[in-house]
Amino acid sequence: MADDPEAAGDPRECQQGEEQREGTFKTNLVQVSNVKKPLFFYVNLAERLLAQFETLEFSALGLAISTVVTVVEILKQNQVAVVTGIHTSTVDASEHSKEGAFKAKIRISVRRWPSPQGVQESKEG
């Protein structure tokens, strides 16, 4: 799993310095790994990204699929995000892995939880 470029973790890891300076992210894609970062790293990252983007997309390969599903379920339970789509496929991983020729892949699209107008107005006032 560690050799998979798709599941190598959050794509913003290499841009972390930029994120801290600017306070914004350049993409709304989160590539989830089950070995690089703890579960709640992705939950907190998603909450920050959803503050900036209306939609967010999670991607995971192989054993990281259970991690991304858990992250999305936590976001739903906390009323942070609503699932808008789920796409599953297999990818040829024979170049990057010794485990087998194909790996399962999942992409889950979410959008911000719709906030009622009355709650938003009372926070502003």
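The values are calculated or read from the model by the stated rules, or taken from the named source; none is laboratory data. Just so it is clear, the model here is predicted, and its values are computed rather than measured. No Cβ is skipped: glycine too gets one built from the backbone with ideal geometry, and neighbour counts run over all protein chains shown. These accessible areas exclude ligands, DNA and RNA; they are computed on the full protein's heavy atoms, side chains included. Shrake-Rupley method; radii C 1.70, N 1.55, O 1.52, S 1.80 Å.
For (1) touching a Ser or Thr at 6+ places or on another chain (Cβ under 7 Å); (2) of a type in the set (Gly, Ala, Ser); (3) surrounded by fewer than 14 Cβ atoms within 10 Å (Cβ to Cβ); (4) modelled with pLDDT of 95 or more, each residue gets a yes or a no:
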{"residue": "LEU49", "(1), (2), (3), (4)": "no, no, no, no"}
{"residue": "GLY62", "(1), (2), (3), (4)": "no, yes, no, no"}
{"residue": "GLU95", "(1), (2), (3), (4)": "no, no, yes, no"}
{"residue": "LYS103", "(1), (2), (3), (4)": "yes, no, no, no"}
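Tell me which residues, restricted to the range 68-93, are assigned to a strand (DSSP E or B), open to solvent by 50 Å² or more (accessible area, probe 1.4 Å) and not aliphatic (A, V, I, L, M).
THR84, HIS87, THR88, THR90, ASP92
Testing TYR42 on (1) at pLDDT 90 or above; (2) assigned to a loop (DSSP other than H, G, I, E, B), one condition comes back false. Which one is that?
TYR42 satisfies all of (1) at pLDDT 90 or above; (2) assigned to a loop (DSSP other than H, G, I, E, B) except (2).
With the requirement that a residue be under 18 Å from SER89 (Cβ atoms) and assigned to a helix (DSSP H, G or I), what does the range 46-67 give you?
Scanning the range 46-67 gives GLY62, LEU63, ALA64, ILE65, SER66, THR67.
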